[in-house]
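Step one of this worksheet: look at the structure below.
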Amino acid sequence: MNRYAALLLAVALATAGCSGGDGGDPAADRGGGTTRQEPRPFRPATSGVPTGFTFAQCSDLRRPDSNTGLAVQVSVPPGYHPTSRGGAGCDFAGPGFGRDLAISVGPLGTLKAEKERDVDPFEDEGGDDSVSDIRYAADVPVFDPHRGERLAYYCYCDGQDLDVRVVQARGVRLSWTTPHRKGPDAATSRAVRRSVGLVRSDRSTCRSRGRTVTFRPPVPQTESIDFYSDRCHLYLRPGRASLLRYAEIELDPPITLDERADRLRARKSVTEVEHEPGSDRLTWLTVRRKPGPYQAPTGTWRAVTVATGDAWVTWSARPSQWRTEADDARRFVSSVRP
């Protein structure tokens with residue numbers, strides 16, 4: 001068992017198909033049952049964001065046949081920032097090594113069943129992937145007032161001392177991995193759990209340069225999202241094999257569109273840069289005549305950036321895709337809100 005197998009319970013999103021709705025077995029919320037737990041919307045126990053925390057909401061990115069139409073909410077503790085994500089849920093990385101916070105939406109198997117399958121077999125086995133100090137409880141407070149399951153254990157994963165804590169209720173799983181004996185204090189843990197909610201929404205948050213906006217990720221085009229300090233980058237399909245196929249939100253850009261246009265004109269691979277000085281729209285073509293790294297395809301991609309408020313919103317696709325996606329691109333641009 002390698003490190004990632006050992007931490008399957010803590011870091012893997014539940015990406016199986018969902019039926020959505022408010023159904024599910026209420027008994028499964030308390031944990032220990034054998035049925036799969038369907039996501040059931042609920043409001044956070046607290047309405048405000050604690051001082052120093054940031055608000056995050058992640059909508060379901062899965063295709064329409066498995067999309068729940070739900071979005072999970074959480075207050076992110078200080079020092080944590082969003083990372084790459086796909087499916088239904090959010091991932092955050094904390095300061096230093098080994099600090100990862102993940103929240104995923106079901107349907108989910110019970111923590112008891114996954115403990116017996118993925119954790120118990122490796123208890124005190126020795127070596128680089130030994131697991132110990134396993135603690136499990138059902139019918140315990142999870143997301144006030146909702147009760148569910150709680151699982152914690154220590155993992156010597158590839159020689160790294162890690163503590164894993166997982167709670168689950170109403171089809172939502174919160175996983176927290178930290179260096180051994182350096183986990184969150186009780187107040188921080190409780191604040192995060194009380195902030196969790198599951199709502200009917202197709203909107204997500206983008207946080208960049210200290211600001212947060214909400215937007216509507218296009219479905220089914222969005223395959224995954226990368227969150228950087230200066231932008232939120234959506235990988236789009238079809239055409240994911242090329243890095244020139246994407247959508248992007250950049251908050252408080254440090255230069256003007258006029259300056260961006262001048263920089264694009266200086267690139268050999270860029271042609272047909274169109275931008276009227278002072279206007280809020282910039283378009284250009286990128287032409288790749290030879291395969292790029294990792295056999296990235298050749299061809300032409302058209303990108304359009306629109307300045308809206310304090311954000312730049314970009315959509316990039318092949319000219320043939322624009323003929324069917326122009327409305328999707330316009331909706332994406334107009335969905336970005338403070």
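Each of LEU70, SER269, PRO220 was placed along the dipole of the chain (beta-carbon charges, centred on the mean Cα), and the one lying farthest toward the positive end is SER269.
Note on the range 49-208: with neighbouring protein chains present and a 1.4 Å probe, carbon and sulfur make up 47 percent of its accessible heavy-atom surface.
All other residues whose Cβ lies under 12 angstrom from that of THR300 are scored, Lys and Arg at +1 and Asp and Glu at -1, for a net of +4. For the chain, the per residue solvent-accessible surface stands at 46 Å², with DNA, RNA and ligands left out and a 1.4 Å probe. Listed values for the range 303-314 are Karplus-derived 3J(HN,Hα) couplings in whole Hz (6.51 cos²θ - 1.76 cosθ + 1.60, θ = phi - 60°), namely 10, 10, 10, 10, 8, 10, x, 9, 10, 9, 10, 10, and x replaces Gly and Pro.
Among residues other than CYS206 whose Cβ falls under 15 Å from its Cβ, what is the net charge (Lys/Arg +1, Asp/Glu -1)? Before the final figure, lay out the partial values.
Values: positive: ARG85, ARG203, ARG207, ARG209, ARG211, ARG216, ARG231, ARG337; negative: ASP91, ASP202, ASP226, ASP230, GLU248, GLU250, ASP252, ASP310.
Result for the neighbourhood of CYS206: 0.
A cut-off of 5 Å between modelled amide H atoms, ignoring neighbours fewer than 5 places along the same chain, links TYR228 with HIS233. 3J(HN,Hα) along the range 271-287, derived from phi through the Karplus expression 6.51 cos²θ - 1.76 cosθ + 1.60 where θ = phi - 60°, amounts to 9, 6, 6, 10, 7, 7, x, x, 7, 9, 9, 9, 10, 7, 10, 10, 10 Hz, with x in place of Gly and Pro. Summing charges over neighbours of PHE215, with a neighbour being any other residue whose Cβ is under 15 Å away from its Cβ, gives +2 when K and R count +1 and D and E count -1. Anyone know which of PRO41, PRO220, PRO277 comes out most mobile in the 10 Å Cα GNM of the chain? Comparing PRO41, PRO220, PRO277 in a Gaussian network model of the chain, the most mobile one is PRO277.
From the Cα trace of the chain, what convex hull volume per residue do you get, rounded to a whole Å³? Don't skip to the end; give the middle numbers.
Values: hull volume 49.5 nm³, N = 338.
Here the figure is 146 Å³ per residue.
The values are calculated or read from the model by the stated rules, or taken from the named source; none is laboratory data. Values in this document were obtained by computation on a predicted structure and should not be read as measured data. A quick note on method: Cβ atoms are made from the backbone with ideal geometry, for glycine too, and the neighbour counts reach across all protein chains shown. What goes into the accessible areas is simple: the full protein's heavy atoms, side chains included, and nothing from ligands, DNA or RNA. Shrake-Rupley method; radii C 1.70, N 1.55, O 1.52, S 1.80 Å.
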